[in-house]
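Written out below as structure tokens is the structure these notes cover.
The values are calculated or read from the model by the stated rules, or taken from the named source; none is laboratory data. The model shown is predicted, which means the values in this text are computed figures rather than measured ones. Every residue, glycine among them, receives a Cβ derived from its backbone with ideal geometry; neighbour counts consider all protein chains shown. Areas reflect the complete protein model, heavy atoms only, side chains present, ligands, DNA and RNA absent. Shrake-Rupley method; radii C 1.70, N 1.55, O 1.52, S 1.80 Å.
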Amino acid sequence: MSDYLPINSSSLRTDTKIGCDVYLLMKITTDSRYVLYCKGETVFENDKREKLIEENISRLFIKKEDQRKYYEYLESNFQYIVSDTRIPIDERTQIVHGAATNLVKDLFIDPRSENINRTKTFAYNMVDFILKEGNAVHSLLKIAIHEYHTYTHSVSVAAIGTLFAKDLGLKGNDLKRFCTGILLHDIGKTKISTDILNKKGKLTKEEFAKIREHPELGVEILKEAGIDFKDEYIITLQHHENYDGSGYPHGIKKEEILTCGKIARIIDVYDALTANRSYAEAKRPFAALVEMKNNMPNCFDEELFKKFIRFLGPYDPRGKRRKDDKLHS
Ligand SMILES: [Fe+2]
């Protein structure tokens, strides 16, 4: 396997230091070889960029071990890169998705205030990007719906949740707080042993009770981080509460659950069904919606759930629908 990873040349900003060495893949007679193009500690100057454009080179490479450094670079230059209209929208969306994935990985490895703050900043920038670029919605959903790996999946679901919330009319800071909350909602799981979280067999009563603590543990982590959160707390605390009162941690129901908590419940179940889990195969979006409708009829606010079906429906081009699959009765 190659020790190098491809990156898009358009993700590099002129007059910045990339922080890791960047290579070109050169064909030399019958051989291909990686040749150093710009050193990580050297400024990436405009003539280097121009040369790539001249030669029509869109793909560069970094060493695999430098992937983290590259994502840090993307994160700190995020605003500039995603607002650069010279870069096609699909590429900018890939950059958003890649940087967010790296961030969520860091967050779950080390859920301290620094990473929680990074998540908040990132979520706010991501929402700005979505609001500014109308086309980003379609582009982001295209990636999000077909993404199944653990961390990328949680980013995808956060993207789907945020776009759905926008569709419902959430605006400005409300939307930004919602996006942050969705990215952070399962952070309480970092306080639960991975032996329980990844257990393949049936959970014991005690283990299940432990898992049910994660919404409150999550709120504790956010409070410890000392960040002024509002909706983020609600989303973290209420994302397992069911409309009929059968959820946890408090078994509240109907209008006792706030709207952002109700949306988060829908997104969370959709997330669980469409992710690759140790005990079940990931479902395609449409199959997940069918299962939610048929097997969990009282868990969701019906109106919101119908809107979610309408929102997601057009974006499942590869989903296989059986004749007997009906969502709208
Ligand atoms: Fe959860």
Which residues, counting only those in the range 110-135, are of a type in the set (Val, Ile, Thr) and over 16 Å from Gly218 (Cβ atoms)? Thr121, Val127, Ile130
The range 62-75 residues that are open to solvent by 70 Å² or more (accessible area, probe 1.4 Å), paired with ones that are of a type in the set (Phe, Trp, Tyr) (beta carbon under 7 Å, 6 or more apart): Lys64/Tyr4
Which of the residues belonging to the range 175-196 are surrounded by fewer than 16 Cβ atoms within 10 Å (Cβ to Cβ) and either assigned to a helix (DSSP H, G or I) or outside the structural domain of Ala99 (by TED's automatic domain parsing) (or both)? Lys191, Thr194, Asp195, Ile196
Between a residue in the range 228-247 that is in the same structural domain as His185 (by TED's automatic domain parsing) and any residue that is within 13 Å of the ligand (Cβ to nearest atom) and of a type in the set (Asp, Glu), which pairs come within a Cβ distance under 6 Å, given they are 6 or more apart or on different chains? His239/Asp268; Gly247/Glu241
When Thr101 is run through (1) hydroxyl-bearing (Ser, Thr, Tyr); (2) without any contact (Cβ under 8 Å) to a residue 40 or more places away in the chain; (3) in contact with a Ser or Thr (Cβ under 8 Å, 6 or more places away or on another chain), the failure sits at (2)
Tell me which of these Thr194 doesn't satisfy, since it passes every other one: (1) farther than 20 Å from His250 by Cβ; (2) touching a residue at least 60 places away in the same chain (Cβ under 8 Å); (3) out of contact with any Lys or Arg (no Cβ under 7 Å at 6 or more places or on another chain). (2)
Among Thr101, Thr121, Thr85, the single one that is at pLDDT below 85 and open to solvent by 20 Å² or more (accessible area, probe 1.4 Å) is Thr85
Of all residues in the range 234-253, count the ones that are open to solvent by 30 Å² or more (accessible area, probe 1.4 Å), away from the ligand (no atom under 14 Å from the Cβ) and touching a Lys or Arg at 6+ places or on another chain (Cβ under 9 Å). 3
Residue list for the range 88-103, restricted to those being of a type outside the set (A, V, I, L, M) and in a helix (DSSP H, G or I): Asp90, Glu91, Arg92, Thr93, Gln94, His97, Gly98, Thr101, Asn102
